[in-house]
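Here's the structure, in structure tokens; my notes come after.
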Amino acid sequence: MAAAWQDVVRDAAAVQEAAAVAVDAALLAGVLMRTGEQPHASDVVNYAPFTLLPSAVPRALFEQAYAVQQDFNLLVDAVSQNKEFLEQTLASTIKVDDFTARLFRIYMQVLEEGLAQTVFLGINRSDYMFDCGLDGTAALRQIEINTIAASFGGLTSRTADVHRLVLKVLGKTEEASHLLPNNPAEGLALGIAKAWELYGSPRAVVMFLVEEVQRNIFDQRCVENELWNRNIRVLRKRFRDVFEQGSLDASRRLFVDGQEVAVVYYREGYVPQVYDQQNWEARLLLERSRAVKCPDIATQLAGTKKVQQELSRPGTLEKLLPGHPEAVARIRATFAGLYSLDQGEEGDRIAAAAIADPDRFVLKPQREGGGNNVYGEELREVLEKIKDSPERTSYILMDKIKPQPALNYLLRAHSPLQVSKCISELGIFGIYVRQGQELVLSQAAGHLLRTKAIEHADGGVAAGVAVLDTPYLV
Ligand code: ADP
Ligand code: MG
């Protein structure tokens with residue numbers, strides 16, 4: 001599979017020409033980001049980084065990832081409704097991790113008050129790598145599931161056209177015709193629109209809760225525009241706007257800047273640095289409100305690394321999804337080894353194993369957004385330091401996935417064109433809407449392929465490490 005485009009990768013002149021075509025095609029297609037220098041301006045933009053060539057993805061694994069997505073929708077939704085499970089699972093974590101603890105406190109607070117809304121909207125993205133076994137066969141292994149602010153569903157819908165053109169320029173017309181159409185933004189909007197409709201007030205708006213610095217605004221606009229096309233009004237607000245302009249009426253309907261909000265779609269709120277006291281208050285206001293939250297705070301907690309690790313314990317999936325043995329089997333087949341670092345014998349043993357052989361593992365804190373995980377020699381040092389302290393329970397350990405690298409060119413503004421050894425990560429978007437106990441919508445909504453040079457252990461597109469890609473099924 002590494003050899004998919006071997007002939008063109010070595011042809012420097014053809015690569016130069018194709019790269020120039022690719023960059024212009026990306027700009028034309030709207031594969032865009034605001035720049036680091038002017039992150040608030042839309043009049044100076046550049047293309048979002050992407051690969052010159054689509055990367056080979058084993059068809060069977062691609063299909064497996066799609067086939068398990070509805071199961072993951074079901075699982076995340078089940079975890080979000082299971083107070084006992086969330087309480088037990090996060091008990092040790094919230095003693096040492098202040099951020100998770102604060103989210104958990106809001107979760108308990110809103111449950112105590114009683115939820116004002118019976119409609120739930122989930123938008124998630126389950127990410128995978130293709131683990132290369134000793135015999136050379138690849139297996140689908142879940143890296144994590146993102147239950148809040150899963151991004152790039154908009155821009156990725158535009159990269160396939162770019163890669164189709166590049167393949168044609170390189171004389172691969174037949175191969176170009178095999179690239180799949182893909183439009184997660186449309187699926188995301190479908191979920192949001194369904195929740196908006198069930199909220200039941202045609203005047204009410206969808207509020208995108210956005211960052212202070214919105215470099216990835218075009219990705220979000222793709223979803224927004226799909227909603228406008230359905231004649232649903234969209235508002236973009238930050239936490240601080242909610243703090244200043246937000247209020248609840250007697251029946252806890254949410255008003256921001258005078259407009260009733262039917263759905264709050266979070267593209268922000270998953271890193272601790274965002275939350276000062278005012279923003280925590282704004283978050284609480286939103287969670288208490290009658291608006292449909294995407295995700296609600298329980299679903300955000302369901303996406304923590306600690307929950308992911310506990311889900312891999314024998315018997316847990318069966319308990320959470322009784323009566324769904326096939327879903328359980330499909331889900332479990334994607335799990336890599338995951339290990340608790342809770343205090344006790346089990347944690348001691350795995351900590352010692354990781355210190356002895358750090359390259360087998362990844363050490364993960366309860367954080368999202370890339371750049372937080374610990375690898376290799378640093379993993380050894382960190383674990384040595386915290387192995388006898390309660391602090392270690394804020395982390396989990398995971399088997400390191402080792403995909404087969406392939407050669408590609410990563411196109412990034414202001415960077416020289418050079419060939420890199422790359423690995424890819426496949427994400428599948430899932431959407432679901434639940435009303436009371438009835439799942440009224442649940443589906444896979446498209447895919448995202450991100451590719452990075454193997455020198456980088458960690459990090460996504462927004463973190464400046466990975467780039468957008470298109471799967472070429474083999
Ligand atoms: P985040 O929530 O920060 O995105 P992830 O668990 O997705 O955390 O990890 C970030 C990146 O680190 C991934 O995109 C992947 O490149 C790398 N990574 C994470 N887990 C593993 C693993 N088990 N094996 C190899 N690489 C991993
Ligand atoms: Mg990730």
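Results, tabulated for the structure shown:
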item	result
Hull shadow area, averaged, segment 337-400 [alpha-carbon convex hull, nm²]	3.8
Built amide H within the under 5 Å cut-off of L235, gap 5+	V206, M207, F208
Alpha carbon convex hull of the chain, projected area averaged over orientations, nm²	22.3
Dipole magnitude of the chain about its Cα centre (Cβ charges: Lys, Arg +1; Asp, Glu -1), debye to nearest 20	660
Placed amide H near E144: partners under 5 Å, 5+ positions off or other chain	D127
Note, ³J(HN,Hα) from phi for segment 10-21, Karplus 6.51, -1.76, 1.60, rounded to Hz, x at Gly and Pro	8, 9, 4, 5, 5, 5, 4, 5, 5, 5, 5, 5
Accessible carbon and sulfur surface of segment 99-239 relative to its total accessible area, %, 1.4 Å	48
Reach of K387 by Cα under 30 Å, taken over lysines that are not fewer than 8 positions away in the same chain	K83, K95, K305, K306, K364, K400, K402
For segment 226-313: accessible area per residue (Å², 1.4 Å)	37
Set of lysines near K237 by C-alpha distance (under 17 Å), chain-local residues within fewer than 8 positions excluded	K293
Net charge dipole size for segment 314-467 [Lys, Arg +1 and Asp, Glu -1 on Cβ; Debye, nearest 20]	560
DSSP bridge orientation in the chain - percent antiparallel, rounded to nearest 5	80
Distant-in-sequence amide H partners of L441 (H built 1.01 Å from N, under 5 Å)	V433
Segment 45-99 - accessible surface per residue (Å², probe 1.4 Å)	36
Protection proxy ranking of 432-438, 35-41, 120-126 - average other beta-carbon atoms within 10 Å, highest first	120-126, 432-438, 35-41
Relative counts (whole %) of C-alpha pair distances in segment 70-154, using bins that are 5 Å wide	3, 10, 15, 19, 19, 14, 9, 5, 3, 1, 1, 0
In sequence order, calculated HN-Hα J values of segment 69-83 (Karplus, 6.51, -1.76, 1.60; Hz; x Gly/Pro)	5, 5, 5, 5, 4, 4, 5, 4, 5, 5, 4, 5, 9, 9, 4
3J(HN,Hα) from dihedral phi, segment 128-134, Karplus parametrisation 6.51/-1.76/1.60, rounded to Hz, x for glycine, proline	9, 10, 9, 6, 9, x, 4
Å² per residue, accessible surface of segment 345-444 at 1.4 Å	46
Accessible carbon and sulfur surface of segment 337-400 relative to its total accessible area, %, 1.4 Å	44
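The values are calculated or read from the model by the stated rules, or taken from the named source; none is laboratory data. It should be emphasised that the depicted structure is a prediction, and the values quoted were computed from it without experimental measurement. When we count neighbours, we look across all protein chains shown, and the Cβ atoms used for this are built from the backbone with ideal geometry, even at glycine. These area figures cover heavy atoms from the full protein model, side chains too; ligands, DNA and RNA do not enter into them. Shrake-Rupley method; radii C 1.70, N 1.55, O 1.52, S 1.80 Å.
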